[in-house]
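Below: the structure, in structure tokens.
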Amino acid sequence: MATPAAVRHMSRCYIKPQSVPEGSQEPFYLTPWDLTMLSTHYIQKGLLFTKPPDTTSIAILHLLKDSLSSALLHFFPLAGRLVTQKEDDPPSYSVLLDCTISNSPGAEFIHAVADVTIAHILSPIDVAPIVTSFFALDRAVNHDGHTLPLLSIQVTELVDGIFIGCSFNHSIGDGTSFWHFFNVWSEITRAQGKCDCISRPPIYKRWFLDGHGPIINLPFSHHDDFIHRFALPPVRVRFFHFSPQSIARLKAKANQECQTSNISSFQALSALVWRSVTRARRLPSDQNTSCRLSINNRPRLNPPLSRDYFGNSIQIVVGTTTAGELLEHGLGRAAWLLHQAVANHTDSKVRVWLEKWVMSPIVYQLSGLSDPCSIMISSSPRFDMYENDFGWGKPVAVRSGYSNKVNGMVRSYPGREGGGSVDLEFCTSPVRENVHEDRTISVGLFGVGNDVCSGGANSMGPLPPPVRHSSSECLGPDCTQTLEEPILVERVSSLMVGFCGEGSGTRDCRFDSAPVLIDTSSLTCTPGVRPNEALSALNLVTADLPRSKVSKVYWAL
């Protein structure tokens, strides 16, 4: 597929609430959860749609701008700006939000065009690099909201689609608040802007510990004391899809191994990810490794906060063990560690953390996100992403921007078909091995089939330990090659696998869609292939996957 052209910005404007919102004249105070985010990136998430027929671009843009103005009437903090208040005597330093409409130009709205199709976005194995250009405020940290908009919408017209990218200041709200805004905006747009009463009004009453707030004095004299910009190293980004049936099997397996019924579907899935990544990294057995989960505090407080509470209310819980312990024991033990971390995150734990923070405030740094021995799982498959119908139907896909992407970051989304399916967005280092004639390979983490993630492998029992293939023979047109065990490959650049099913004839299948766990009873080779150089350099990594029926495999350069 040809390299697509760059994204071209056609216009830029600012959108204010359609009238002066009630409460916008009052200061909007930031909580400890909000303030910890000042040095991290904006949230960048967006939705891809097929282009609506019989509707002009001018009409679409006009409707989106009009409905955004209506949405900002309900979400007026997103049209504001951050301000810092400093005093020398006595010394004080605080950051809050000015929502006064006259003091801010409003939210940013960008119209862009890219000469690419939906297929350009969805077909590549790794997420297409052009996707990062569908978002504004790239590399901005949340403290930049003093001078930059707190919300930037970029509507990018594709040849056959529309991508709506949203950059949302993370000091103003978390993922729950982000998708709440997106849901309301699409609801208003779907009603052609005629929506006087939205289904879920946001709640702006700030939540502080008793005896603290609303003004929080930070122990700094200048923002350079706590804002540290960090250039993120490059990563490869890929999506994996898990069906409801595969997740149900993982949950059942984890609970059976631990003789419990308390492990959730997401804890079992997270455990699979943690063990698979750890195995692929080949960590020393005594190396500590952890799985960090972003967790919503709203339902865990006593009394609980409403799901419509607007702001940040998240923390991190951690499951920790050694790489050896993690891999020597089954899926259930890893899932149980995560279950305990989540179950122990109670109202009292939240309050203790906040008490400590008030005594010694911290601001999260981007450099602390990456840990080569651990993973971080954020976002949530519970967010209503595919319910965002702007009047053109259901989104085709969800994608994210540059922000906060480091090695080991995993973001979770609902699958498009619903029903409990999950899509995971993996960020991994683009480490490659040199093999014969400078061809490169990268090792995969999962098989992709009805039993685990999308693709094709059926049935019974876990795969064996990693298999090394080191054949040195050249294969002729009629030969086959037999493996003792199944093999798992994510991608082999410049290689392809050929296979034939009963009565279907031989065909070549390039790795151009999803990772592949080969599963067939008859695999034949094409003339003159020489698989040995590449395969002898490749130690294929297995995960907690069902046993395949692979018997014969060939590779073609």
Quiz item: Does the stretch 196-208 contain at least one residue that is surrounded by fewer than 21 Cβ atoms within 10 Å (Cβ to Cβ), hydroxyl-bearing (Ser, Thr, Tyr), farther than 30 Å from Leu272 by Cβ and in contact with a helix residue (DSSP H, G or I) (Cβ under 8 Å, 6 or more places away or on another chain)?
Solution: yes
Practice problem: For the stretch 260-278, enumerate the residues that are open to solvent by 20 Å² or more (accessible area, probe 1.4 Å), small (Gly, Ala, Ser) and under 19 Å from the mean Cα position of the chain (by Cα). | Solution: Ser265
Quiz item: Are any residues in the stretch 209-259 surrounded by 18 or more Cβ atoms within 10 Å (Cβ to Cβ), among the polar types (S, T, N, Q) and under 24 Å from the mean Cα position of the chain (by Cα), and if so, which ones?
Solution: Ser243, Ser246
Quiz item: Counting residues that are under 30 Å from Lys205 (Cα atoms) and touching a residue at least 60 places away in the same chain (Cβ under 8 Å), which helices (runs of 4 or more DSSP H) fully inside the stretch 228-331 reach at least 3?
Solution: none
Quiz item: When you scan the stretch 90-185 for strands (runs of 3 or more DSSP E) that lie fully inside it, which ones turn up with 2 or more residues that are open to solvent by 10 Å² or more (accessible area, probe 1.4 Å) and farther than 24 Å from Thr36 by Cα?
Solution: 107-113
Quiz item: Would it be correct to say that Leu97 is touching a helix residue (DSSP H, G or I) at 6+ places or on another chain (Cβ under 9 Å) and within 21 Å of Glu26 (Cβ to Cβ)?
Solution: yes
Exercise. Select from the stretch 387-403 the residues that are open to solvent by 20 Å² or more (accessible area, probe 1.4 Å) and either among the small types (Gly, Ala, Ser) or touching a residue at least 60 places away in the same chain (Cβ under 8 Å) (or both) and list them in ascending order.
Key: Glu387, Asp389, Gly391, Trp392, Gly393, Val396, Arg399, Tyr402
Exercise. Scan (1) out of contact with any Phe, Trp or Tyr (no Cβ under 9 Å at 6 or more places or on another chain); (2) open to solvent by 10 Å² or more (accessible area, probe 1.4 Å); (3) touching a residue at least 12 places away in the same chain (Cβ under 8 Å) for the single condition Ile188 breaks and write down its number.
Key: (2)
Quiz item: Based on what the data block shows, is Val363 among the aliphatic types (A, V, I, L, M), open to solvent by less than 60 Å² (accessible area, probe 1.4 Å), within 24 Å of Thr40 (Cβ to Cβ) and in a loop (DSSP other than H, G, I, E, B)?
Solution: yes
Self-check item: Filter pass, Ser199 being among the polar types (S, T, N, Q) and either in contact with a Cys (Cβ under 6 Å, 6 or more places away or on another chain) or not in a helix (DSSP H, G or I) (or both)
Solution: yes
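The values are calculated or read from the model by the stated rules, or taken from the named source; none is laboratory data. Computed from a predicted model, the values in this text were never measured in an experiment. All Cβ positions, glycine included, derive from the backbone under ideal geometry; neighbour counts span all protein chains shown. Protein only, heavy atoms only, side chains kept; ligands, DNA and RNA dropped before computing areas. Shrake-Rupley method; radii C 1.70, N 1.55, O 1.52, S 1.80 Å.
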